[in-house]
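Worksheet for the structure shown next.
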Amino acid sequence: MKKLGKLILAFTLLLNINFILAQDKNNQWQVSFGVNAVDFHPVGSDSGDNATGHLFSEFFNIQDNWNTQTAINTIGISRYGNEKFNFGLRGTLNQITRMGDERSRMSPVRLASLDVLVDYKLGEAFKFCNIEPYLEGGTGYTWFGSQKSLTMNGAAGLKVPVSEKVSINLNSAYKHSFNDMQDLRPHFQHSMSVAINFGGKDTDRDGIYDQHDDCPEEPGLPEFNGCPDNDGDGIENSKDSCPDTPGLVEFGGCPDTDGDGTPDTKDACVNEPGSVDMNGCPDSDGDGVANNVDSCVEIAGPSENNGCPWPDSDGDTVLDKDDKCPNVAGLVSNEGCPQPSKAIMEELNAVGAKVPFQLNKADLGVLVTTVLDIVAGIMEKYPNSNFIIEGHTDTSGPKVFNQNLSEKRASSVKEYLVKKGISADRLSTVGYGEDRPSTSNKTRKGRVSNRRVEFKVAE
């Protein structure tokens with residue numbers, strides 16, 4: 001009895017063993033080892049040579065009826081079937097020194113058994129204090145000395161979890177033998193063993209088996225099915241747009257440092273509260289241009305000018321962006337450019353009158369080009385003004401000839417002015433022949449004056 005007490009104490013010490021996971025569909029295998037006691041007394045045979053006590057009588061009379069050993073003499077292995085059933089094998093060995101009502105010790109006889117077992121788990125409804133009750137049935141062979149017999153077995157037991165992977169298994173089985181030999185009687189066999197579960201694969205050793213682990217190669221957390229949360233913000237890495245920086249759920253795990261409702265990943269001004277439509281930046285002057293791209297933060301201006309107001313360099317009320325002559329004051333009606341005044345046109349035509357065309361010629365001589373250089377300079381001052389070049393002749397020669405000659409003279413002048421940089425689009429030509437003399441054609445001087453060009457501002 002003292003030796004049995006020592007064994008019980010040894011099993012109690014095993015409660016300090018720390019393992020990881022429980023037997024289930026992940027850890028499908030279980031091995032067990034322990035001690036057993038055989039009791040022939042309370043089997044209900046009360047007559048003849050096989051006389052024992054009444055059924056279940058003196059069931060706990062350990063001192064008088066139980067055959068025990070101090071060594072490990074029970075070994076088993078089982079496999080998980082489903083939530084209700086486990087299947088296994090158990091082997092036992094014992095020395096029998098007392099049987100039935102024979103209180104005096106007999107010569108030791110070896111008893112061995114090998115049993116096939118089916119465990120039926122009673123389920124959550126029968127659990128108490130986390131102790132799991134179960135029923136057991138099966139068959140096997142028992143050897144008693146030189147005798148052997150097939151047995152049918154029925155048992156009840158308790159599994160007391162020590163950790164998630166270790167349990168203490170208490171089992172009490174009735175074994176009915178089918179043998180006409182008198183010595184191998186029906187008997188009870190009680191056992192206490194330590195059961196260890198194994199077989200689950202946990203590659204990343206995070207306590208979550210690979211078959212349930214969405215990230216089997218990375219240690220993770222149960223709440224994320226084994227996936228990690230590096231920054232500890234409660235959002236698993238696979239769903240975290242900023243896995244290494246704590247953030248908010250509404251921003252996909254990314255932070256909002258300035259608290260303006262724009263996550264840092266989309267915030268162009270991380271440390272300055274701003275508005276969502278400004279990419280998280282402020283707009284101090286309210287011009288719709290964010291400060292970070294506003295060249296005039298405190299003065300409202302259009303985005304086209306980087307948030308600054310458009311200048312009016314020449315002060316003509318036409319903004320430079322719309323002013324075709326931004327450095328010269330002009331008219332609003334002329335897109336900011338000045339129109340040649342009457343005085344300017346008189347000057348232009350005075351210069352044009354000095355163009356000395358030779359009789360019946362449209363060619364431009366040196367004196368002509370010199371005069372036209374002056375004309376080009378005046379036209380450049382009015383880049384938004386268009387001009388008409390009028391060609392004229394004297395009355396020398398036929399009228400049709402003079403008409404053609406006047407047109408050629410106007411065209412010659414235009415071609416030269418274009419070469420001097422005046423856009424052809426600003427210049428148009430017309431010939432009036434001899435019809436519009438500036439003076440009388442009766443004198444040589446008058447005829448020279450009529451061989452001319454004049455300039456007009458196009459309306």
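The table below lists the values:
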quantity	calculated
Selection of trypsin sites (Lys or Arg not before Pro), segment 175-268, meeting DSSP coil and at most 12 other Cβ within 10 Å	LYS201, ARG205
More than 42 Å apart - percent of Cα-Cα pairs taken over the chain	61
Potential extension, ILE75-SER303 segment - 0.36 nm per residue separation minus Cα distance	73.6 nm
Cβ-isolated cysteines (cut-off 4.7 Å), the chain	CYS129
Modelled label reach - ASN441, point 7 Å along Cα→Cβ, segment 380-417 residues with backbone N closer than 11 Å	393-403
Percent RCO, i.e. relative contact order, over the chain, from Cα pairs under 8 Å lying at least 6 residues apart	8
Only Lys, Arg (+1) and Asp, Glu (-1) charged, at Cβ; segment 342-457 dipole about Cα centre in debye	320
Cross-link pairs LYS324/LYS361; LYS419/LYS442; LYS342/LYS420 - those with Cα-Cα distance over 32 Å	LYS324/LYS361; LYS419/LYS442
Sequence-distant lysines (8 or more away, or on other chains) whose Cα lies within less than 16 Å of LYS148	LYS175
Inter-site label distance for SER241 and ASN179 at 7 Å from Cα along Cβ, in nm	7.7
Extension gain (nm, one decimal) between GLN147 and LEU135, 0.36 nm per residue minus Cα-Cα	1.5 nm
Estimated dipole of the chain in Debye, rounded to 20 [Cβ of Lys and Arg +1, of Asp and Glu -1, Cα centre]	1920
Fraction of antiparallel bridges per DSSP, the chain only, in percent to nearest 5	95
Partners for LYS84 among lysines (Cα-Cα distance below 17 Å; same-chain residues under 8 apart left out)	LYS25, LYS121, LYS127, LYS159
Rounded to whole Hz, the Karplus (6.51, -1.76, 1.60) HN-Hα couplings of segment 309-321, x for glycine and proline	x, 5, x, 10, 4, 9, x, 9, 6, 9, 4, 3, 5
22 Å Cα-Cα reach of LYS321 towards lysines, excluding residues that sit fewer than 8 places from it in its own chain	LYS381
Amide H within-cut-off set for PHE56, under 5 Å, with H built and near neighbours excluded	VAL43, GLY44
Share, in percent, of DSSP beta bridges within segment 342-457 that are antiparallel, nearest 5	50
Computed [θ] at 222 nm, helices only, for the chain once each DSSP H run of length n ≥ 4 contributes -39500 (n - 2.57)	-4500 deg cm²/dmol
Sites SER275 and GLN211 - FRET efficiency at Förster radius 41 Å, r taken between beta-carbons, to 0.05	0.25
Global geometry of segment 342-457, whether rounded, prolate or oblate, following the gyration tensor of its Cα atoms and the 1.5 cut on a/c	prolate
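All of the numbers you see were taken from the coordinates with simple rules; none came from a lab. Predicted, not measured: the structure shown is a model, and the values here were computed from it. No Cβ is skipped: glycine too gets one built from the backbone with ideal geometry, and neighbour counts run over all protein chains shown.
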